[in-house]
1. Take the residues of region 194-212 that are modelled with pLDDT of 90 or more and acidic (D, E): which is surrounded by the fewest Cβ atoms within 10 Å (Cβ to Cβ)?
2. So which residues in region 1-10 are crowded, with 16+ Cβ neighbours inside 10 Å and in a helix (DSSP H, G or I)?
3. Is it fair to say P411 is part of a loop (DSSP other than H, G, I, E, B), buried (at least 20 other Cβ atoms within 10 Å of the Cβ) and modelled with pLDDT under 95?
4. Any idea how many residues of region 14-63 are under 19 Å from K4 (Cβ atoms), among the polar types (S, T, N, Q) and buried (at least 20 other Cβ atoms within 10 Å of the Cβ)?
5. So, in region 116-151, how many residues would count as being closer than 22 Å to G224 by Cα and over 15 Å from the mean Cα position of the chain (by Cα)?
6. Could you please let me know if G354 is small (G, A, S) and at pLDDT 95 or above?
7. If you scan region 392-403, which residues turn out to be assigned to a loop (DSSP other than H, G, I, E, B) and buried (at least 16 other Cβ atoms within 10 Å of the Cβ)?
8. Tell me, yes or no, whether region 322-330 has at least one residue that is assigned to a strand (DSSP E or B), modelled with pLDDT of 95 or more and surrounded by 22 or more Cβ atoms within 10 Å (Cβ to Cβ).
Amino acid sequence: MNQKKATRTEKKGAKEILRLGLKVFAYRKDIISSQERKELESANTELANQIKTRPVYSVDLEKAAKRVDRALNNSGSLYYHKKSWVENVEMLLVAAIVVIGIRSFFVQPFIIPTNSMYPSFFGMQPNVYDDNEDIPNIAERAIDKILLGASHFSVESETKGKLYLKLQGGAPFRFVQGTFPNGRFFIFPNTLKEYIFEIGGKEHKLLVPAEFDLDELLARKFAGIEDLRDLPLIVSQDHGFMGKRLKLSDQIIQKGEIALAFDILLGDALFVDRMSYNFVTPKSGDPAVFRTGSIDQFNRSLAMPVRPIGEDKYYIKRLVGEPGDTLEIRVPESIFTNGTDLRKGVPGILFRNGKAITGKTAFIENRNRTEILARKPDQENLLGYPGYRADGLLSNKSLLQVPDRNSSDNPTNKKAFFAMGDNSTDSLDGRSWGFVPENEIIGKALFVYYPFTKRWGFSE
């Protein structure tokens, strides 16, 4: 009578049982009884021989595998039959240890929320839909979510009328706590900005991430300007509405129409090199990630006239000053008289140790932009660098000495660095809160791994 040959699946199952049998024998041979040890060893040997036999018959292979199975039932303890969850837990623990080790000593992921480093790194960016542009469907949104990390937002009119933005305590928005489905991390609370639009006397609320600058988006879309404060302020009681509001559009919006639609594209997600600074000192020009936890206390010990950060977060800025450096921003005289918009700070050229700072694209392009503004304030900014702004500790022609570890005015005995955003018009940085102690610097921006745009790759 011809015997049936073992299938590939049967062979694979037998090998898995043998692997467990050998593992249990190696781990438990010193604590199980001699009889259990002999039976398990003998069963393992028989199954191993059957697997090596050519051809391998199904009946013989099953018989040997069942013998190992019986031996494991008697002596396997937690490894058998509970092997699946035990091994899964082991695998997860090992994976967690590896991930934590990599994150702690080599690279750490970091997502840039704001545009303080724009255009070197992007924070949240808007993609605004024109009035006659088709809104993406669900499938298109899913693709944009995967490739660009895009989240869609819209205001659909529930009534007919003109579009206004309600001021809340004199401001265009207020901060609120959002949870699912509006919180970023679902069940975990998240700070959001709440905007209230008024159409035909009815309020329409819109929630966006706290780091996102919807003010500028509204100003650009509805008026072609950069500042909401330049929009006409309306104080009236139309449709029973009382209070102050900004007129966004004279166009009558019909019920059911989309008054505003846009996507928020995820800020650059990058890997931070945590290892290099264990061997080399941070340098001017490095895009550095640091924690803010002890910065306020450090600057108080230096008696610096600064505004406290008041929170422990991760920031990314570019180091512009090392211990012992002298920094200064010099504003061209023509800036004050040629009509340059100074509401976001006075453009100037950053000097380090008496020379215009150089060595990085951000340094060069910010200087070039300031020189252009000094000659032609209305010229379009094609590259996006706004020019460094004289403000706070670096007001016009104010010399700032970065304290060295051994200097008499540094009782902390820690190295200090000065950091600024490449987009200093919209950057809360060292000009406001002071110096960064070396012990708070986590690492250097290494590689933008998401989203898949032209910025994907190694960082400068």
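1. E203
2. Once the filter is applied, which keeps residues that are crowded, with 16+ Cβ neighbours inside 10 Å and in a helix (DSSP H, G or I), region 1-10 yields only E10.
3. When the stated conditions are applied, P411 does not pass them.
4. Final tally of qualifying residues: 1.
5. Residues flagged as closer than 22 Å to G224 by Cα and over 15 Å from the mean Cα position of the chain (by Cα) within region 116-151 amount to 11.
6. yes
7. The answer is G392, L393, S395, V402, P403.
8. Within region 322-330 (the criterion being assigned to a strand (DSSP E or B), modelled with pLDDT of 95 or more and surrounded by 22 or more Cβ atoms within 10 Å (Cβ to Cβ)), the answer is yes, since at least one residue qualifies.
The values are calculated or read from the model by the stated rules, or taken from the named source; none is laboratory data. Here the structure is a predicted model, which means the values were calculated and not measured. Don't worry about glycine lacking a Cβ; one is built from the backbone with ideal geometry, like all the others, and counts go over all protein chains shown.
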